[in-house]
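The values are calculated or read from the model by the stated rules, or taken from the named source; none is laboratory data. Just so it is clear, the structure is predicted and the values come from calculations on it, not from any experiment. As a convention, Cβ positions derive from the backbone with ideal geometry for all residues, glycine included, and neighbour counts pool all protein chains shown. These accessible areas exclude ligands, DNA and RNA; they are computed on the full protein's heavy atoms, side chains included. Shrake-Rupley method; radii C 1.70, N 1.55, O 1.52, S 1.80 Å.
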Amino acid sequence: MRLLASAVSAVALGALGVAGAPAAHAGPQPVPWVYYAGDDGALWGFTQQANGSWTTAAPQGPTGATLAGAHLAAARIDGGSPSVFFVGVDGAIYQDCPLLARPLAITATGQAPAGAALTAEAAGQQISVTVARQRAQGKTARAAAPLEISNPCSPPVHIRFNTSTAYAGGAMASVGTSDGYHDVFFVDTAGAVRVQSQGPQSGTVTEKAVIAPGTAKPGGGISVVDTQALGVPNSALTLFFTGHDGRVQVAHLTEQGVLTGSPKPNTTGPADVPDGAPLSAAVGAKGLAVGYATTDGAFSVAYLSPTGAWQNTYRAGQAGDLAAGAPSAVTAASDGDYDWYCGNGIRVPVHLHGPLPGPKWGSVGQPNVVIGASFAAA
């Protein structure tokens, strides 16, 4: 996927301080791209080729760049290349894409703890990344400082930090809309779902609880998708979170993060979601889908209609295939189905194509995925 570079910018090499980076990808790049941080601390990735087959996961940069299994987030600008983000061991935020020779620091060092939680979303040509609260630098926290490095992945990335006193750590989910709204969701310290919303005409970020305290596990699994194009009544966003009852909950909201109806639990399948389990959701040609690793280590995918109503739930694989509540990532496939990605119980990166039931996980790499490793795809 990347060849050894014969010459790489000294500035780019200085971003991680390690020589011998792989060279930029050659030729047209198929989509989607999928990423995880391997047990060596390198960013690893794989992609789908033009003939529909999948490449074998390969390192996208040097070892020790971040923590093994570190949080990742991915986004894609309209008509552009996918980008993936992580916090490196030096506390800088890094961006990578198929056009780069290696991950590139897009902030100064010391911005956040290595491997910290983050979320990314794209609206048109603007990518926004929100990172877990900054590490204190004395009495104050350092502001993100862009570096003077040319970046072919995207226009300059907007970075902000979740410094909310209600943030419990853990998962965040974000979405950008065509009207210029940017919303970040998380489950707070009281178990309420909160949103931080920024409008198109203002740099001010407002925060509020949209779902009552005690509803979910603090820092627990959450995912949000833009459903403006699907015509969900009175809403633009569809939010998924893990309830205490072993079921995924769905809620619909406006672009400003205003709830338009009560959350609805998925009753089309068993109550088999580990409390606080990570969720991965996507919008496809036929509606929506959300997936999770079950309490017994299988994988379940729940489908919803284009209007956001639960339709059915399918179970993929067998008990023990995965760790209970293992993180996953998903992309909508060109054939109207979905592709799911995660690490299995023997630490191998795997891929699954829907519709379900029927398909089985296929290996796409070597056993270098730590249990609980984050996956990101765009």
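Here are some notes:
- Among the candidates Gly221, Gly214, residue that is over 16 Å from Thr177 (Cβ atoms), crowded, with 19+ Cβ neighbours inside 10 Å and not hydrophobic (A, V, I, L, M, F, W, C): Gly221
- Residues located in the range 169-194, provided they are in a strand (DSSP E or B) and either open to solvent by less than 30 Å² (accessible area, probe 1.4 Å) or at pLDDT below 95 (or both): Ala173, Ser174, Val175, Gly176, His182, Asp183, Val184, Phe185, Phe186, Val187, Asp188, Val193
- Some residue of the range 274-287 being charged (D, E, K, R) and out of contact with any Asp or Glu (no Cβ under 7 Å at 6 or more places or on another chain): yes
- Candidates are the residues of the range 195-209 that are aliphatic (A, V, I, L, M) and either under 22 Å from Ser262 (Cβ atoms) or touching a Ser or Thr at 6+ places or on another chain (Cβ under 6 Å) (or both); the one that is surrounded by the most Cβ atoms within 10 Å (Cβ to Cβ) is Val195.
- Filtered residue count, the range 314-356, keeping only those that are open to solvent by 30 Å² or more (accessible area, probe 1.4 Å) and under 30 Å from Ser235 (Cα atoms): 7
- Residues (touching a Cys at 6+ places or on another chain (Cβ under 9 Å) and open to solvent by 10 Å² or more (accessible area, probe 1.4 Å)) located in the range 88-104: Leu99, Leu100
- The residues of the range 226-265 that are assigned to a loop (DSSP other than H, G, I, E, B), in contact with a Pro (Cβ under 8 Å, 6 or more places away or on another chain) and at pLDDT below 90, listed by number, are Gly231, Val232.
Residues checked against (1) within 24 Å of Ser154 (Cα to Cα); (2) open to solvent by less than 10 Å² (accessible area, probe 1.4 Å); (3) in contact with a strand residue (DSSP E or B) (Cβ under 6 Å, 6 or more places away or on another chain); (4) of a type in the set (D, E, K, R):
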site: Val31; (1), (2), (3), (4): yes, no, no, no
site: Gly38; (1), (2), (3), (4): no, yes, yes, no
site: Ala50; (1), (2), (3), (4): yes, no, no, no
site: Ser53; (1), (2), (3), (4): no, no, no, no
site: Gly64; (1), (2), (3), (4): no, no, no, no
site: Leu67; (1), (2), (3), (4): no, no, no, no
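- Qualifying residue in the range 99-107 (condition: under 22 Å from Ile371 (Cβ atoms) and modelled with pLDDT of 95 or more): no
- Condition check for Ser197: among the polar types (S, T, N, Q) and not in a strand (DSSP E or B): no
- Residues that are modelled with pLDDT of 95 or more and open to solvent by 30 Å² or more (accessible area, probe 1.4 Å), drawn from the range 284-302: Thr295, Asp296
- Scanning the range 149-157 turns up no residue that is within 20 Å of Leu253 (Cα to Cα), surrounded by fewer than 21 Cβ atoms within 10 Å (Cβ to Cβ) and at pLDDT below 95.
- Members of the range 256-276 found to be under 20 Å from the mean Cα position of the chain (by Cα) and closer than 30 Å to Asp179 by Cβ, listed by number: Gly257
- Of all positions in the range 303-310, at least one carries a residue that is assigned to a strand (DSSP E or B) and surrounded by fewer than 21 Cβ atoms within 10 Å (Cβ to Cβ).
- Where a residue in the range 283-308 is more than 24 Å from Gly343 (Cβ to Cβ) and its partner, wherever it lies, is of a type in the set (Asp, Glu) and in a strand (DSSP E or B), with Cβ under 9 Å and at least six apart: Val283/Asp226
- Subset of the range 357-378 [among the polar types (S, T, N, Q) and under 16 Å from the mean Cα position of the chain (by Cα)]: Ser374
- Residue match in the range 348-356 (condition: assigned to a loop (DSSP other than H, G, I, E, B), at pLDDT 95 or above and either over 20 Å from the mean Cα position of the chain (by Cα) or farther than 13 Å from Ala298 by Cα (or both)): yes
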